[in-house]
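See structure below.
The values are calculated or read from the model by the stated rules, or taken from the named source; none is laboratory data. Source: prediction; values computed, not measured. Quick reminder, even Gly has a Cβ in these numbers, built from the backbone with ideal geometry, and neighbours come from all protein chains shown. Remember, those area values only see protein heavy atoms, side chains included, never the ligands or the DNA or RNA. Shrake-Rupley method; radii C 1.70, N 1.55, O 1.52, S 1.80 Å.
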Amino acid sequence: VLERGKPIGVGLGSILAVLLVWGIVQRVDSGNRLDAAEALFLAKSELPGASAPSAPGLEAPDDADRVGKLEGAIASLGTVASAHAGTPQAALADLHAGSALYREGRYEEALARFEAAAGGKGPAAKFALNSKAYALESLGRLDEAATAFEAVRNAAKGGAREQATLDLARVYVAASKPDQARTLYEAFEAEFPESALLADAQARAAAIASK
């Protein structure tokens, strides 16, 4: 059973929190125009939950309404990606669309958006590989997920490398490769002896050893 949920949600949420601000304020390379950033902001604001919560006592939108808004927002983000192809905001639009699809459990569609973002420009392209790895893991394509997480780990530093190490080890466990996972947990302890995640890594290593 894949250990999805919190690690994956936190990972994607952290990526989007950083990139949303960047995407709004970053100017388009050609001509220093704000067209793409403005289009991205408007499309992102269409996503359900992007606006302020309803006041107490007001009914939340029904599921059909929410799904309709989600589909509209994803379409708008796709328009941004195609209309502003080659800009960093296009990659960010694909990343946001992929993340919205991922949260709905639509992993194949999310993967396609993450792959598009990974082929783009700017910070979104860099972070899209991590999101792609999560989607592959959720689809059960564990060998591909391991390859993607390994690439993320090799390119990352600090906290990002810590998380990528644990992500990769988790995938190895799910793929019935305990030796590779144990090696990673041991490497984690040696490389990050003061990490807040160390106790978790040690507990996982002990669980492997007890089997």
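Worth a mention:
- Residue within the range 83-96 that is surrounded by fewer than 17 Cβ atoms within 10 Å (Cβ to Cβ) and under 15 Å from F41 (Cβ atoms) present: yes
- Checking each residue in the range 89-142 for being within 10 Å of the chain's Cα centre (by Cα), closer than 18 Å to R153 by Cα and not aliphatic (A, V, I, L, M) picks out F114, F127, N130, S131, K132, Y134.
- Restricted to the range 174-190, and to residues there that are in contact (Cβ under 8 Å) with a residue 12 or more places away in the chain and more than 16 Å from T147 (Cβ to Cβ), the residue that is surrounded by the most Cβ atoms within 10 Å (Cβ to Cβ) is Y185.
- Residues in the range 135-148 include at least one that is open to solvent by 30 Å² or more (accessible area, probe 1.4 Å) and either modelled with pLDDT under 95 or of a type in the set (V, I, T) (or both).
- Residues that are surrounded by fewer than 20 Cβ atoms within 10 Å (Cβ to Cβ) and either in a helix (DSSP H, G or I) or β-branched (V, I, T) (or both) within the range 154-173 comprise N154, A155, G158, G159, A160, R161, listed in sequence order.
- The number of residues in the range 191-211 that are over 24 Å from the mean Cα position of the chain (by Cα) and either exposed (fewer than 14 other Cβ atoms within 10 Å of the Cβ) or of a type in the set (A, V, I, L, M, F, W, C) (or both) comes to 12.
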